[in-house]
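Undergrad: Right, I'll just put the structure down here and ask away after.
Just so it is clear, none of the values below were taken in a lab; they were calculated from the coordinates. Just so you know, these numbers come straight off a predicted model, no measurement behind them. A quick note on method: Cβ atoms are made from the backbone with ideal geometry, for glycine too, and the neighbour counts reach across all protein chains shown.
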Amino acid sequence: MDVEVDHYAVLGLPSGEEGAQLSDQEINKAYRSKARELHPDKRPDDPSAHANFLKLQNSYQVLKDEKARKLFDDLLRIKREKVQRQGQQDSKRRKMMSDLEERERSAFAVDPTMKAREEEERISRQLKQEIARIIAMHSNKKPAAAAPSKQDRAADGGGGGNGLDKAKVLKVSWEKTGEGYTAQRLREIFREFGSVEDVVIKSTKKKGSALVVMESEDAAIAATGNVLGDLSNPLLVVPLQPASSPAVFSADKNEPDGPKLGNLVGAGYQDFENAVLEKMKKAAQKQK
């Protein structure tokens, strides 16, 4: 007799816990009803009619015997519990696999908090680099000196400050006749007495004038009184800041050169001189 056969099902009865609660009368009634249905005389053309009827009789004998039925009910209970355990294990296994997959996804997924922190650190590093660049850029630039007022320039004779040594500066003037003098021409003339740092020319309709900055005071002294220029248009050269000693040369008041010197150091030229000195001072400060 096959132990895997569900004898309740063979008789057309409910199985499991509900089958275990059936009475003997309900089992007998179910057997008689099923026997009439499966009797071989009722199924002459069914080759399996005899085997099915025999199976019905065997199941009825098991359920009719109290001890055998009790063992069969226990066997069904154990099978149900096994199925339940397997279902629970499968559920736990599925949950475990789901949790494992979730942890793997979380491990490889980008953490929003971590991403925000990395973004903050990246921006902070870039900001520090920009601040360092700006500080380095401005540290290489020295602040320009404040422009002195007219009163200050008048007090110090034109305002040279510490950026320009006025002892190296020469005042040069000439008449506006012929070709005149350019900055390049003046550099060539004064270069015989030393290097020329700068030449600034101011011209009017009748007179040309310039400030020539020599490389040293000795070069300026050497050029004073020795530079003549072209014979057709001689140059008048005097120091911007005369020494306390007597001048290198003097001119008689009645001589034609008298008005030239007066025009050179007059109020009009003084303003031009002050402006040029201020520009030279700023240029010297930038070169430091």
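Undergrad: Of Q86, V110, M97, which is farthest along the charge dipole of segment 74-121 in the positive direction, counting Lys and Arg as +1 and Asp and Glu as -1 at C-beta?
TA: Looking along the dipole axis, the top candidate is Q86.
Undergrad: Within 13 Å, Cβ to Cβ, of A107, how many net charges do the neighbouring residues add up to if Lys/Arg are +1 and Asp/Glu are -1?
TA: Working: positive: R103, R105; negative: D99, E101, E102, E104, D111.
Neighbour charge sum, excluding A107 itself: -3.
Undergrad: Between I134 and L100, what's the calculated FRET efficiency when r is the beta-carbon distance and R0 is 51 Å? Round to 0.05.
TA: Details: r = 52 Å, r/R0 = 1.03.
The formula returns an efficiency of 0.45 here.
Undergrad: List the residues of segment 46-81 whose backbone N lies under 16 Å from a point placed 7 Å from the Cα of N28 along the Cα-to-Cβ direction.
TA: So the set is 60-66.
Undergrad: Return a whole-number percent for the relative contact order of segment 1-117, with Cα pairs under 8 Å and 6 or more residues apart as the contact set.
TA: Numbers: 57 pairs, mean separation 28.3, N = 117.
Averaging sequence separation for qualifying contacts and normalising by length gives 24 percent for segment 1-117.
Undergrad: Now, a different point. Using mean Cβ contacts within 10 Å as the protection proxy, how do 185-196, 45-56 order, highest first?
TA: 185-196, 45-56
Undergrad: A further question on this structure: Among rounded, prolate and oblate, which fits segment 1-56 when a ≥ b ≥ c are the square roots of the eigenvalues of its C-alpha gyration tensor, a/c under 1.5 means rounded, and a/b larger than b/c means prolate? Please report the intermediate quantities before stating the final value.
TA: On the way: a/c = 3.24, a/b = 1.68, b/c = 1.93.
Cα axes put segment 1-56 in the oblate bin.
Undergrad: Just order 102-110, 15-23 by mean Cβ neighbour count inside 10 Å, highest at the front, would you?
TA: Details: 102-110: 9.0, 15-23: 13.9.
So the order, starting with the most tightly packed, is 15-23, 102-110.
Undergrad: Separate question: Quick one: in segment 27-100, what % of C-alpha pairs are over 15 Å apart? Walk me through the numbers on the way to the answer.
TA: Numbers: 1863 of 2701 pairs.
Percentage above 15 Å: 69.
Undergrad: Mean shadow of segment 44-140, computed from the convex hull of its alpha carbons, in nm²? Could the numbers behind the result be given before it?
TA: Working: hull surface 55.1 nm².
Mean projected area of the Cα convex hull: 13.8 nm².
Undergrad: In addition: With r defined as the distance between the Cβ atoms of E81 and H39 and R0 fixed at 45 Å, what FRET efficiency is calculated, to the nearest 0.05? Before the final figure, lay out the partial values.
TA: Numbers: r = 37 Å, r/R0 = 0.83.
So the FRET efficiency works out to roughly 0.75.
Undergrad: Turning to a different aspect of this structure: Roughly what would the spin-label model give for Q57 and T113, points 7 Å off Cα along C-beta, in nm?
TA: So the two model labels end up 7.7 nm from each other.
Undergrad: Starting from the Kirkwood Rh over alpha-carbon pairs, what translational D in µm² s⁻¹ does segment 92-134 have by Stokes-Einstein at 10 °C and 1.306 mPa s? Provide the component values of the computation, followed by the final result.
TA: Details: Rh = 13.1 Å.
Stokes-Einstein gives a translational diffusion coefficient of 121 µm²/s.
Undergrad: For R122 and E17 in one chain, what is 0.36 nm times their gap in residues minus the Cα-Cα distance, to one decimal in nm? The partial results should precede the final answer.
TA: Details: separation 105, 0.36 × 105 = 37.80 nm, distance 6.85 nm.
Stretched out fully, the R122 to E17 stretch lengthens by 31.0 nm.
Undergrad: Still on this structure, I have one more. Please label the shape of segment 158-227 as rounded, prolate or oblate, based on the square roots a ≥ b ≥ c of the eigenvalues of the alpha-carbon gyration tensor (a/c under 1.5 means rounded; beyond that, a/b larger than b/c means prolate, else oblate).
TA: Numbers: a/c = 2.17, a/b = 1.42, b/c = 1.52.
In terms of gyration-tensor shape, oblate.
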